[in-house]
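Presented below is the structure to which this report refers.
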Amino acid sequence: MKQTLSRGRFVAGTAGTVALTFGGGRYVIAAPTKDITIGLDVPLSGPYADQGQDQLRAYHLAIEEINAKGGIMGMNVKTSEGDDQTKPGVATENAQRMIERDGAVMITGGSSTGTAVAVSGLCQQKNVIFMAALTHGDETTNQNCHKHTFRRYNDAYMSAQSLARTLVSKYGTGKWFYITADYAWGHSVYDNITAVVEPKGAKTVKNVLTPFPGTKDFSPMLQQAQAAKPDVLVLTEFGADMVTCLNQAAQFGLTKSTKILVPLVDEYMAKGTKDNFDNVVSTAPFYWKYHAAKYPGAKKFVDAFTKKYGFPPSNGAETAYADIYIYKMAVEKAGSIDPAKVINVLETTKFQFTKEQEWYRKEDHQGVNSCLVVEGIPEAQRGANGFEYARVLEVHDGESVVAPLSSLSCKMESA
Amino acid sequence: MEAVFQAMLGGLVLGLIYIAIAVGLTIIFGTLRLVNFAHGAFYAIGAYVGLVIAQHIGLVWAFVAAPIAVTVFAVLLDRLVLRSFYDKEPTSQLLVTFGIALVVEETLRLIFGSTTQQYVMPLALQGSATIGPIEYPAYRLFFAGGVIVMLVLVWLFIERTNYGLIVRAGVRDRIMVQLLGGNIRRASTVVFALGGAIAGLVGAAATPIYGIDPGTGFAFLVPSFVVVVVGGLGSFWGAVLGGLLIGELQSLTNLAYAPASNVVIYLCMALVLLLRPQGLLGESEVIKQ
C-alpha cells in the first residue's frame, strides 16, 4: 500500500523540523518536563581523584537538598555521572554522552583546566550551560572563554595577585625557583606569578616543567632546586602530584631551607603532605573553618556536609555545591531552562550562598569573589579529622585581584 | 657539573627500581613465556600491605610482611588462574594478566581510596648524606643499597641453584628442559612467586620515597617493560643494563628538558628495536620462539 502524505501531517512535520532547526531543539516543545538532568563530569581516578570525589559528594548533597524542597521549578533533578580520569578526551566523551543520551541541560565538574577547556568547547557547540567547577587556569574564562561557560572558582591570576601582595614585602626581592606541571594550568600560574613578582625585584632562577599527569619521581627537578638554593620555591602541582612533589621536596631538605609556595591547595593535599605542609603558603577560594564562622550559608553547608559524610568539605566541594544552587537560582529567575535566558540571568545577577555577595563578569564569565592566602600549620594542630589545615594570612577582595578587563583576550560569542 | 652528578645519582636510584621490577618480569618471561601485566599489581599490593603493617606494627615488619603477602598472592594466582594460560597464545595471556591488574587496582581503590599515602621513613634515615659535593636523601641511598643486595641474591639463585639451572635452561629451550625431565612446572611456580616477592618488597621499600596510590604499580610497570625490552627479554643482566640505561637517560633528560623525560625512554626502546630487536643482551633464540 502506498503511503499518502496528508497535508496536515506535512505541515506538522515541517513545523517540527523548523522548530528543531531554529528553536534550539527540546526547549520549544512545551510538554511539562518532570525531570531535569544535570551532568556531573568529575575525575574519580587519576591524580585529581580526591578532589573529584569530594565534588561529587557536594553535588549529591546539593541535589538531595533541592529535590527534598521541590526541585528546580518543580522539576526533580536527576544526574548523569562520569569519571573523566583527569583526561580531556574522556571528559568530552562523558559530556557528549550526558547531553546526547541523557538529555543533560547543564554540565558541571572538572578538577583540571585541561578537562574544563575541552568540555567548555563542546557545551558551547551543543548549546548547553557549563558550570566549570574546580578549574584554576586562566584559559577557562580568558583565552578559551565561551558564552555557555561560567567559572566561579578563583583563577590563577587571582591567586598569583593575592600571593604576591601578601608575600612580596617579605620575599619579593629574593631568588625564586619554579617547578611547574607542563599543561595549561601550570603555564598559566607561572606566567601570572612571574608577571607580578619580577617587576618588584624577584629573580627567577629557573622554571622546570614536569610531565603531566602522574609524575612519580620529582627528584631530578628537586635536585636542581636544591643546588640553586632559592629563597622561594614555587611548586605548581595539584592533587596527588602536589602531594608526591612536596613530600619529595621534604626528603631533599627543601621544606626547611626554603619558603615553599603552592599556588593552590585544598584539604586533601594538606592531609597527604602532613607536616611537610607546615609553613607552606598557598591560596584557596574557600576554607570551611573560616567561612563557616563568618557566613550562615557556609555554616549550613559545612554542617550538612559534615553530618552526611563525617568530615568537612574541601574547597572544590564548596564550589560544586554552590554551582548547583547558582544554576537553580538562574533557572528560577529566568523562568526557563532555555540557555539563552539562563545565561542572561547569570551575567546580570548578584548572589550570595556560601561566601560574600558575588557575581560573574558579563565580559568573561569569571566569578568575582574573594581569595584567601593561607599558611599550613603542623599536623598535630589540625583537629581530630585533620581538616583544619591552615591559618588564614590575608583575605583579598575578589574585585581587587581579578584580572582587569583590558588585559583579557577573551572573545565571547554572541550566543 | 654538580648538577649532572646529582642527576646521575638520581638516575641510578630510579634505574634500580626499574631493575628490581624488571628482573621479576624478565625471569617470569624467560621461564614461563608469560608477559605479566599483573606485575605492577604485585608492587602495589606489597606497598599497601607495607603501609598497613608500618602503621600498626612497625616499619621493619612491613619489609617482611610485604614480600610474604605478595608471594601468597602470586602462588594463588599461578595455581588458580594463570596455570591454564601458560600454553595459550600471547594475546590471551596479555588479556588475562591485564584484567587481573585492573581488578587489583580497583579493589585497592575500594579499600584504601584514591589518596596518595605514604609512611614515614625510619628516623635514622630521614636526613641526608653527603657524597662528594652534594647532599642526597639518606633513605634513597639505603634503598639503592638494598636493591643491589637483593639483585646479588637473585643472581646467586639463578646461577647457583638447581631451580636457577632450570630457569636458565628454560630461557634457552623450554621443550628440551621438559624432555630431559626438568620439572619446569614446579620451577615456574617458584619463579613466579619469586618475581612477585621482589616486586612486593620493592613496593614496600619504595613507598616512603614515592608514596602509593592504586595506580602507582602500573606507573612503574610501563617503564620496567621498556627496560626488559631494551635489555633483552629473559636476560638478567639485560634487565640490569636496561634499567641503568633508562634510569640515567630519564634523569639526565629531566635536567636538560624535563617535559621530554617520559618520551625519551620510548624513543630509546624504538631505537633498540630497530637496531637490535632481541635487546642489548637478549638471545635471538627467545625472539624466534
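The values are calculated or read from the model by the stated rules, or taken from the named source; none is laboratory data. Being a predicted model, the structure only gives us computed values, none of them experimental. We place every Cβ from the backbone using ideal geometry, glycine too, and count neighbours over all the protein chains shown. When the accessible area is computed, the model is the full protein with side chains, heavy atoms only, and any ligands, DNA or RNA have been set aside. Shrake-Rupley method; radii C 1.70, N 1.55, O 1.52, S 1.80 Å.
Laid out as a table, the results:
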| item | result |
| --- | --- |
| Residue B:217 being touching a His at 6+ places or on another chain (Cβ under 9 Å) and either within 14 Å of chain A (Cβ to nearest Cβ) or assigned to a helix (DSSP H, G or I) (or both) | yes |
| Subset of region A:322-343 that is part of a helix (DSSP H, G or I) and β-branched (Val, Ile, Thr) - its residue that is farthest from residue A:36 (Cα to Cα) | A:343 |
| Identity of the residue in region B:243-261, within 10 Å of chain A (Cβ to nearest Cβ) and in contact (Cβ under 8 Å) with a residue 12 or more places away in the chain, that ends up surrounded by the most Cβ atoms within 10 Å (Cβ to Cβ) | B:254 |
| Boolean, residue B:239 is closer than 22 Å to residue B:71 by Cα, hydrophobic (A, V, I, L, M, F, W, C) and more than 14 Å from chain A (Cβ to nearest Cβ) | yes |
| Residue match in region A:109-130 (condition: within 14 Å of chain B (Cβ to nearest Cβ), closer than 25 Å to residue A:81 by Cβ, touching a Ser or Thr at 6+ places or on another chain (Cβ under 8 Å) and of a type in the set (Gly, Ala, Ser)) | yes |
| Residues (of a type in the set (Phe, Trp, Tyr) and open to solvent by less than 10 Å² (accessible area, probe 1.4 Å)) located in region A:207-225 | A:218 |
| Residues of region A:71-100 classified as more than 20 Å from residue A:135 (Cβ to Cβ), out of contact with any Gly (no Cβ under 6 Å at 6 or more places or on another chain) and hydrophobic (A, V, I, L, M, F, W, C), total | 3 |
| Region B:170-211, residues that are surrounded by fewer than 24 Cβ atoms within 10 Å (Cβ to Cβ), among the β-branched types (Val, Ile, Thr) and within 14 Å of chain A (Cβ to nearest Cβ) | B:209 |
| Residue match in region A:143-166 (condition: touching a Cys at 6+ places or on another chain (Cβ under 9 Å) and surrounded by fewer than 19 Cβ atoms within 10 Å (Cβ to Cβ)) | yes |
| Near pairs, Cβ below 6 angstrom, 6+ apart or cross-chain, from region A:38-67 (more than 13 Å from every other protein chain (Cβ to nearest Cβ)) to any residue that is in a loop (DSSP other than H, G, I, E, B) and of a type in the set (D, E, K, R) | A:41/A:84 |
| Residue identified as within 29 Å of residue A:224 (Cα to Cα) and part of a helix (DSSP H, G or I) among B:229, B:263 | B:263 |
| Flag for residue B:196 being in a helix (DSSP H, G or I) and in contact (Cβ under 8 Å) with a residue 60 or more places away in the chain | yes |
| Subset of region A:383-415 (residues that are free of Cβ contacts under 8 Å to residues at least 60 places away in the same chain, assigned to a loop (DSSP other than H, G, I, E, B) and not aliphatic (A, V, I, L, M)) | A:383, A:397, A:404 |
| 3 or more residues open to solvent by 10 Å² or more (accessible area, probe 1.4 Å) and over 20 Å from residue A:371 (Cα atoms): qualifying helices (runs of 4 or more DSSP H) within region A:226-300 | A:239-251, A:254-257 |
| Residue ID - surrounded by the fewest Cβ atoms within 10 Å (Cβ to Cβ), chosen from residues in region B:110-136 that are facing chain A (nearest Cβ under 7 Å) and in contact (Cβ under 8 Å) with a residue 40 or more places away in the chain | B:115 |
| Tally of residues being within 12 Å of another protein chain (Cβ to nearest Cβ), among the small types (Gly, Ala, Ser) and under 20 Å from residue A:155 (Cα atoms) across region A:190-239 | 1 |
